[in-house]
Amino acid sequence: MRIKTKIRLQMFGLVLLKIISLLSLLGVIICAPVGFFRMIVKSADGESEGTLLIVAIVCLVVSLITGLIFKYSYKKVIVENVLNQELPGCVWSPNDGFGQGVIDSNIRLVESGNKYKTEDLIYGEYNGYHYEQSDVKIENVIYERTGYGRHRHTKIRVYKHFQGRMIILDSPIVVKKPVFVFSYTFEHRYSGLYDKLTSDEIKDKVFGDVFDVKVEKGGSARNVLDDKMKKALLTTYNKFNNMAVRFEEKKMYIAINTKESTFDWRWTRGFSFRKEVEANRKQMDVIKDIIDIISARDENKELEVNDFKQIEEI
């Protein structure tokens, strides 16, 4: 079977799944209220409201099942193809992600919550740099009880601290004292450590207008944030406008608050295979862009060393 024909059939299958899911959901929206209403007013036809409620339940089950199948199939058709092209050799585990311990103890960029959801774990090596990435959603769910006795009610308040992706990359520089870089748009910063940090002024107006640089007492960001690294961070910021980075030891920890899942289908793109591939390719370019810039930085250092050797020989 030709590749184009196979892709068209796969896209047709995705469209069909989505249509079934949406029609089933519409059935729930129509049948459930009508069925409940007829039950309340106690219509003469005792069977009709029961039938409507059964239809609503069936539609709900069908909508949920087809929705899950669509999500899995979409990632299989679109995301897996893009990953194989953009990050060959990477391992992708759609149902796995960073654990809470990794997020709170290792990455340490976002304020902790009491509800964590992670998925789409990706890891591998690109240009000699090891990378890991996971979709992460952090929420703080608070239950508030009001009233007494029969009038007692429980209100649920959900505060979203973060939704987007977190990335762990090899750092080209070993950093003994942590360096934090927060875009001014980044909310819910890790409070356990952030209050103990001090500002480190960076003499770069463009970078300074976008990022707030923090270090521990006695630390400095100057060796970390050279022109190449600033370019890498600004390139990422210009795509998402909401991010934070921490440098420590041999790692870079990155949190990009996109407020949505990385590999989910979007209504605005319709069902165009080309648009889906392009959108997912842009998501993967984040890892590639950063590594390309910092690996070029390493090559420049090696060039300088070789130049010095040649000068000594002369």
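The values are calculated or read from the model by the stated rules, or taken from the named source; none is laboratory data. A quick note: this is a predicted structure, and the numbers were derived from the prediction, not measured. Positions of Cβ are backbone-derived with ideal geometry, glycine not excepted, and every protein chain shown enters the neighbour counts. Note: accessible area is taken over every heavy atom of the protein model, side chains too, but ligands, DNA and RNA are not part of it. Shrake-Rupley method; radii C 1.70, N 1.55, O 1.52, S 1.80 Å.
Answer yes or no: is there a residue in region 53-60 that is within 17 Å of the chain's Cα centre (by Cα), surrounded by fewer than 16 Cβ atoms within 10 Å (Cβ to Cβ) and not acidic (Asp, Glu). No, because not a single residue in region 53-60 is within 17 Å of the chain's Cα centre (by Cα), surrounded by fewer than 16 Cβ atoms within 10 Å (Cβ to Cβ) and not acidic (Asp, Glu).
Within region 219-226, does at least one residue satisfy the condition of being modelled with pLDDT of 90 or more and either of a type in the set (Lys, Arg) or assigned to a strand (DSSP E or B) (or both)? No; the residues of region 219-226 include none that is modelled with pLDDT of 90 or more and either of a type in the set (Lys, Arg) or assigned to a strand (DSSP E or B) (or both).
Could you tell me whether any residue of region 231-243 is within 24 Å of the chain's Cα centre (by Cα) and farther than 18 Å from ASP292 by Cβ? Even if it seems obvious, please write down each step before you answer.
First pass over region 231-243, keeping only residues within 24 Å of the chain's Cα centre (by Cα): 231-243.
Still in the running and farther than 18 Å from ASP292 by Cβ: 241-242.
Scanning region 231-243 turns up at least one residue that is within 24 Å of the chain's Cα centre (by Cα) and farther than 18 Å from ASP292 by Cβ.
With respect to (1) over 28 Å from PHE182 (Cα atoms); (2) of a type in the set (S, T, N, Q); (3) assigned to a helix (DSSP H, G or I); (4) open to solvent by 60 Å² or more (accessible area, probe 1.4 Å), the lone exception for SER73 is condition (4).
Of the candidates ASP204, ASP292, the single residue that is at pLDDT 85 or above and either surrounded by fewer than 19 Cβ atoms within 10 Å (Cβ to Cβ) or closer than 30 Å to LYS76 by Cβ (or both) is ASP292. LYS231 meets all of the listed conditions (1) surrounded by 16 or more Cβ atoms within 10 Å (Cβ to Cβ); (2) in contact with a strand residue (DSSP E or B) (Cβ under 7 Å, 6 or more places away or on another chain); (3) at pLDDT 90 or above but one, namely (2). Screening ASN81 against (1) in contact (Cβ under 8 Å) with a residue 60 or more places away in the chain; (2) in a strand (DSSP E or B); (3) open to solvent by 30 Å² or more (accessible area, probe 1.4 Å) leaves a single unmet condition, (2). The set of residues in region 86-130 that are of a type in the set (Ser, Thr, Tyr) and within 15 Å of the chain's Cα centre (by Cα) comprises SER93, TYR116, THR118, TYR123. Report yes if LYS309 is open to solvent by 80 Å² or more (accessible area, probe 1.4 Å) and at pLDDT 70 or above, otherwise no. Criteria not met by LYS309. Listed by first and then second residue, the pairs with beta-carbon distance under 7 Å, at least 6 apart or on different chains, first residue in region 243-254 and more than 15 Å from TYR129 (Cα to Cα), second open to solvent by less than 10 Å² (accessible area, probe 1.4 Å) and polar (S, T, N, Q), are MET243/SER183; MET243/THR236; ALA244/SER183. Selection over region 116-131 of residues that are open to solvent by less than 60 Å² (accessible area, probe 1.4 Å) and in contact with a Ser or Thr (Cβ under 9 Å, 6 or more places away or on another chain) gives a count of 8. How many residues does region 148-186 contain that are open to solvent by 40 Å² or more (accessible area, probe 1.4 Å), out of contact with any helix residue (DSSP H, G or I) (no Cβ under 8 Å at 6 or more places or on another chain) and either under 16 Å from ILE103 (Cα atoms) or not charged (D, E, K, R) (or both)? The total comes to 11.
Tell me the residue from SER63, SER93, SER134 that is surrounded by 18 or more Cβ atoms within 10 Å (Cβ to Cβ) and farther than 29 Å from THR185 by Cβ, please.
Values: SER93 fails: surrounded by 18 or more Cβ atoms within 10 Å (Cβ to Cβ); SER134 fails: farther than 29 Å from THR185 by Cβ.
So the residue among SER63, SER93, SER134 that is surrounded by 18 or more Cβ atoms within 10 Å (Cβ to Cβ) and farther than 29 Å from THR185 by Cβ is SER63.
Among the residues of region 96-115, the ones that are open to solvent by less than 70 Å² (accessible area, probe 1.4 Å), under 25 Å from THR185 (Cβ atoms) and outside any helix (DSSP H, G or I) come to 8 in all.
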